Structures are given as C-alpha cells and as structure tokens.
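Peer 1: Questions regarding the structure given below will be posed in turn.
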Amino acid sequence: MPLVTPEQPLRDLTDDEVAAYRRDGAIRVSGVFSQDWVERLSDAVDHVLANPSLLTQATADFSAGRGTGDAFMWKTHSTFHEFVFRSPAARIAQQLFGSTTVTAFYDQIFAKPAGTKGASPFHEDASSFPIRGEQVCAMWIALDPCGPDSSALRVVRGSHLWDRADAPVSSSLMQRIRTDERAAPAAERPRQDVLDWNDEQVLGWDLEPGDAVVFHPGALHGATGTGPDRGRRAFVSRWLGDGVTFKPDDAVLPILWDPGLTPGEPMGGSLFPKVLPEPDEAATRWEPQTPEPERLNQFLRKIGKA
Ligand SMILES: O=C(O)CCC(=O)C(=O)O
C-alpha cells in the first residue's frame, strides 16, 4: 500500500515569517492552502455544526454569547482525518519548527453566528494542554472573511515569552475577571503585569477564507464577537514538533479516547499520531471512532457540565 504523505504547501514559509513567529508568537500565513482544501474544510465544518456531537451539545456556550465548536473531529469525520495526513499542514508546522518529526495534536472548530455579542476572552492555551515541550503551534484557519474587529483571532505580541508559569490565564478566568459581579478571588487572579497590555501590542489581521493565524500556545489570544450580518467559522489544527512529551496532570483538554501513553513518554500513537517524517501507519486508515462514553462523562464532570 503506498505511503500516505502530506501535500506540499502552495508555497513555503519564508525566513521572515519563521523569525516573526519566534519573536511575536503569531503570524498571518496566506496562500499555503489550496481552494480545494478551503472548500472541503468549510463543508465539513458546516456538517459538524449541523450535526453537533455530544461534546458540542454539552459545551456550546450560547448563554455567554460565545458560539460553539467541537474538538478531535479527525477521529469522527473523514475530511478532518484526511486533513491530518494529506493536507500541507504538517509540512508547514515542520518548516515553522525546523523539526525532524511532526505529530498531530488535535483539531477544533470555533464558530460564531452573525450577531454573536460575546468576545472570546484573551487567554493562553499552554496551561490546559497535557504536554511538556516547546515545539507546539496552532493554525487558526479562517473559513469566512473576518478582521480584528469582526472576530478574527487577535494575539498579544510577544506574550508567549512572558514568564508566567505561576500565572496561567485561562479563558474562564478572564471571563470572570472581566465580569465585575463574578470577579475571580484574588488568589486565583493572574499577576497584574500579565493582564496589563495595550492595544498597540495586539496583533490582528484582515483574513480571507484559507488564511491562517499561526500562533504559539503560550501567547495570549482572543477575538471579538461578530457583526450583525456575518458569522465567523474557524478551523484550528494543532501540531507538535520534536521533544514534546505527555504530561496529563491538570490538563483540561477533553481526552475522549485512550492515548495509550504514560506520563513522560514522547507524544505519538493512535490519538496523537506521527505524520512526519513518516505517518503512523495504523492511524492513516480511516475508521470513524466515537468517543469513549466514560471518558466523555469524566471530562464533563471536570468542567462542571455533568
Ligand atoms: O476563535 C476563537 O474565538 C477562539 C480561538 C481560541 O481560543 C483558540 O484557537 O485557541
């Protein structure tokens, strides 16, 4: 059977883009995904939104006006599975990291219908991930035209380099801090220096479908709501390079399938498959896998939704 390999991107990342990512923690990357991929992702996202998974049904946050989404769709939908192993995404991650290996971490949808008032509060993702390591990135791919004031992802420049190991900034924490009557207890608040940034430090871009904001999980990122006329769908594909190991501890990521990994082990295997230099052969075979019910319930209990 021929080896499944990722396509080449329509163009390579430039040295300037890689340097800007390392310096700023985020870059806009345009012109790497074909129109075919953009259309396929767009159709697949619509399908997921029209047929919400149990995870989506339990976690959609319309009450806070923040839209909806899903995660690990590559386990349940063939287009996202193909995206992992055949799209150019793994090669783009490899160019960004300068790594030998590239491992798929997970994918996610963030969708806000037209008229969504709630912002996605600025937060970082690193503290919620069950991993240790430096080579981690997210590709936030716009599927609708959007800009900094219409729900495109915005990123606080250089915040991935801030020393805030003792001050994780979660989305729910920011939400509480920004909402006066439910202010977080002082002991839980991030340090003030972590909260103090000004607009000049916030990166934001106008994006067309297929444009990606590629960002570091330690960078503070967020988005406004949408305008009255147009919704915004984003597909996020997260990737790992060399030297990333499994560290489940306090992670709040929904791990709804057995990863078959022990703490400290290099990432890989059936839930986090290697894609480069050679794909994890077993994972390349498409077979939809519904989440394990007990793992789903455990996750929902952890986030207070069960
Ligand atoms: O798209 C959004 O509104 C938020 C995205 C986000 O937080 C993420 O991609 O980690």
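Peer 1: Looking at the range 47-66, is at least one residue touching a Lys or Arg at 6+ places or on another chain (Cβ under 8 Å) and within 30 Å of Asn198 (Cβ to Cβ)?
Peer 2: There is at least one residue in the range 47-66 that is touching a Lys or Arg at 6+ places or on another chain (Cβ under 8 Å) and within 30 Å of Asn198 (Cβ to Cβ).
Peer 1: Looking only at the range 244-284, how many residues end up being in contact with a strand residue (DSSP E or B) (Cβ under 8 Å, 6 or more places away or on another chain) and at positive phi?
Peer 2: Count: 2.
Peer 1: Check whether at least one residue in the range 64-73 is more than 16 Å from the ligand (Cβ to nearest atom), in a strand (DSSP E or B) and touching a residue at least 12 places away in the same chain (Cβ under 8 Å), and report yes or no.
Peer 2: Scanning the range 64-73, I find no residue that is more than 16 Å from the ligand (Cβ to nearest atom), in a strand (DSSP E or B) and touching a residue at least 12 places away in the same chain (Cβ under 8 Å), so the answer is no.
Peer 1: Sort out which residues of the range 253-281 are crowded, with 16+ Cβ neighbours inside 10 Å and β-branched (Val, Ile, Thr), and write them in order of number.
Peer 2: Once the filter is applied, which keeps residues that are crowded, with 16+ Cβ neighbours inside 10 Å and β-branched (Val, Ile, Thr), the range 253-281 yields Ile255, Val275.
Peer 1: For Gly260, which of the numbered conditions (1) in contact with a Gly (Cβ under 6 Å, 6 or more places away or on another chain); (2) in contact (Cβ under 8 Å) with a residue 12 or more places away in the chain fails to hold?
Peer 2: (2)
Peer 1: Between Arg285, Arg295, Arg232, which is farther than 30 Å from Gly210 by Cβ, out of contact with any His (no Cβ under 9 Å at 6 or more places or on another chain) and among the basic types (Lys, Arg)?
Peer 2: Of Arg285, Arg295, Arg232, the one residue that is farther than 30 Å from Gly210 by Cβ, out of contact with any His (no Cβ under 9 Å at 6 or more places or on another chain) and among the basic types (Lys, Arg) is Arg295.
Peer 1: Just the residues that are within 13 Å of the ligand (Cβ to nearest atom), farther than 12 Å from His221 by Cβ and either surrounded by 23 or more Cβ atoms within 10 Å (Cβ to Cβ) or at pLDDT 70 or above (or both), please, taken from the range 150-173.
Peer 2: Scanning the range 150-173 gives Ser150, Ser151, Ser170.
Peer 1: Further, regarding this structure: Among the strands (runs of 3 or more DSSP E) confined wholly to the range 77-149, which include 2 or more residues that are of a type in the set (A, V, I, L, M, F, W, C) and within 12 Å of the ligand (Cβ to nearest atom)?
Peer 2: Strands (runs of 3 or more DSSP E) meeting the threshold: 102-112, 136-142.
Peer 1: Another question, then. Can you tell me which residue is surrounded by the most Cβ atoms within 10 Å (Cβ to Cβ) among those in the range 282-297 that are touching a Pro at 6+ places or on another chain (Cβ under 9 Å) and not charged (D, E, K, R)?
Peer 2: In this case the residue turns out to be Ala283.
Peer 1: Which one of these is modelled with pLDDT under 95 and surrounded by fewer than 23 Cβ atoms within 10 Å (Cβ to Cβ): Thr101, Thr59?
Peer 2: When all the criteria are applied, what remains is Thr59.
Peer 1: What pairs come up if the first residue lies in the range 124-142 and is basic (Lys, Arg), the second is more than 10 Å from the ligand (Cβ to nearest atom) and assigned to a strand (DSSP E or B), and their beta carbons are under 7 Å apart, counting only those six or more places apart or on different chains?
Peer 2: So the pair list comes out as Arg132/Thr245.
The values are calculated or read from the model by the stated rules, or taken from the named source; none is laboratory data. Small disclaimer: the values here were computed from a predicted structure and weren't measured. Glycine gets a Cβ as well: all are built from the backbone with ideal geometry, and neighbour counts include every protein chain shown.
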